[in-house]
Amino acid sequence: MTTATINGSEVHVDAEGFLTDYDEWTEELAQVLAANIGIELTDEHWDVIRFLREDFPRQGETATIRRTSTVGGFDTKRLFVLFPKKPAKKMAYIAGLPKPRGCV
Amino acid sequence: MTEEKVESTAPVPNFDGGETDRKLAIICSKGNLDMAYPGLVLGNAALGEGIEVHLFFTFWGFDMITKKRMNNLKLTPLGNTAMHMPQGLGGVPGVTAMATAMMRKQIEAVGVPEVPDFLEQIVASGGHLWACKMSADMMKLEKDDLYDAVEGIINASDFIEIADGAQLLFI
């Protein structure tokens with residue numbers, strides 16, 4: 001874990017660049033993180049990111065695609081459109097959370 | 001946004017790095033509840049990594065996509081030493097039902113869906129489902145008897161063509 005500066009804020013990140021401290025995340029940071037991986041955040045993206053942020057403290061881990069769909073009520077197909085190719089990891093990265101641990 | 005990128009000293013995950021036309025083909029040949037899951041879990045995980053996935057259902061694996069059977073797969077302790085119970089018990093009436101109910105509960109407890117729901121998720125994630133022609137002929141089943149999202153009943157050479165360049169798993 002190292003300290004890095006993103007958009008003027010000092011944050012802790014892991015070797016890949018995922019934020020490691022839940023409380024260091026801000027919506028402004030999310031914009032930058034999303035842009036880093038070529039995603040421009042729309043309201044639809046934000047709904048998903050906010051669900052992940054709310055769910056994490058309850059569960060102690062990042063929601064998988066399955067959980068985002070069954071508990072969050074988001075359509076799996078849309079998640080693959082909004083966060084192409086690797087939705088679970090991209091969602092987690094933008095939301096400042098670790099990669100999901102669950103298999104499904 | 002480019003300005004902000006310049007200000008960042010954090011590494012950026014290489015989500016699209018090493019992107020190839022990686023492809024995974026899984027042959028599902030078993031109809032037991034326990035053996036239905038490995039293919040589904042791995043196929044689903046691969047889809048989540050942006051990999052093209054094809055599932056080919058053959059022989060006993062047909063139960064996973066046959067409308068009448070897919071909700072009712074079973075687990076039997078018979079012949080399965082990993083269940084760690086006397087082999088004779090496996091043949092006692094009711095034991096298969098009990099073992100099945102227990103396993104379903106355990107699967108549910110870890111948030112893993114039932115087989116039909118799992119197939120739905122796989123299809124929603126872009127996965128492809130194929131049924132084996134020889135199995136369909138033997139079991140006298142037609143497209144209408146199969147889970148709706150199955151794309152087609154195809155023969156062995158069709159599958160070999162689809163699996164061109166794919167990593168292959170036989171389960």
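The values are calculated or read from the model by the stated rules, or taken from the named source; none is laboratory data. These numbers come from a predicted model, not from an experiment. Methodologically, a virtual Cβ is constructed for each residue, glycine included, from the backbone with ideal geometry; neighbour enumeration extends over all protein chains shown. Protein only, heavy atoms only, side chains kept; ligands, DNA and RNA dropped before computing areas. Shrake-Rupley method; radii C 1.70, N 1.55, O 1.52, S 1.80 Å.
Considering only residues that are assigned to a helix (DSSP H, G or I) and open to solvent by 40 Å² or more (accessible area, probe 1.4 Å), look in segment B:58-84 and name the one that is farthest from residue B:149 (Cα to Cα). If we take residues in segment B:58-84 being assigned to a helix (DSSP H, G or I) and open to solvent by 40 Å² or more (accessible area, probe 1.4 Å), then B:81 is farthest from residue B:149 (Cα to Cα). Looking across segment B:62-76, the residues that are of a type outside the set (A, V, I, L, M, F, W, C) and without any contact (Cβ under 8 Å) to a residue 60 or more places away in the chain come down to B:63, B:69, B:71, B:72, B:74, B:76. No other residue among B:52, B:108 is within 14 Å of chain A (Cβ to nearest Cβ) and closer than 30 Å to residue B:165 by Cβ apart from B:52. The single condition from (1) open to solvent by less than 30 Å² (accessible area, probe 1.4 Å); (2) touching a residue at least 12 places away in the same chain (Cβ under 8 Å) that residue B:124 fails is (2).
Of note, residue A:99 does not satisfy the criterion of being in a helix (DSSP H, G or I), within 19 Å of residue A:17 (Cα to Cα) and under 13 Å from the mean Cα position of the chain (by Cα).
Total residues in segment A:40-74 satisfying the condition of being assigned to a loop (DSSP other than H, G, I, E, B), open to solvent by 30 Å² or more (accessible area, probe 1.4 Å), within 11 Å of another protein chain (Cβ to nearest Cβ) and β-branched (Val, Ile, Thr): the figure is 1.
When residue B:21 is tested against (1) open to solvent by 60 Å² or more (accessible area, probe 1.4 Å); (2) in a helix (DSSP H, G or I); (3) within 14 Å of another protein chain (Cβ to nearest Cβ), exactly one condition is not met: (2).
Here residue A:4 does not fit the description of being at the interface with chain B (Cβ under 8 Å from one of its Cβ atoms) and open to solvent by 60 Å² or more (accessible area, probe 1.4 Å).
Take the conditions (1) modelled with pLDDT of 95 or more; (2) assigned to a loop (DSSP other than H, G, I, E, B); residue A:77 misses just one of them, which is (2). Is it the case that residue B:55 is open to solvent by 10 Å² or more (accessible area, probe 1.4 Å) and either touching a Gly at 6+ places or on another chain (Cβ under 7 Å) or among the β-branched types (Val, Ile, Thr) (or both)? Criteria not met by residue B:55. Within segment A:15-39, the residues that satisfy the criterion of being within 15 Å of residue A:94 (Cβ to Cβ), more than 8 Å from every other protein chain (Cβ to nearest Cβ), open to solvent by 50 Å² or more (accessible area, probe 1.4 Å) and of a type in the set (Asp, Glu) are A:27, A:28.
When segment A:81-96 is filtered for residues that are open to solvent by less than 40 Å² (accessible area, probe 1.4 Å), within 15 Å of residue B:50 (Cα to Cα) and not in a loop (DSSP other than H, G, I, E, B), the ones remaining, listed by number, are A:82, A:87, A:88, A:90, A:91.
Residues in segment B:87-121 that are among the aliphatic types (A, V, I, L, M), buried (at least 16 other Cβ atoms within 10 Å of the Cβ) and farther than 12 Å from residue B:71 by Cα: 5 in all.
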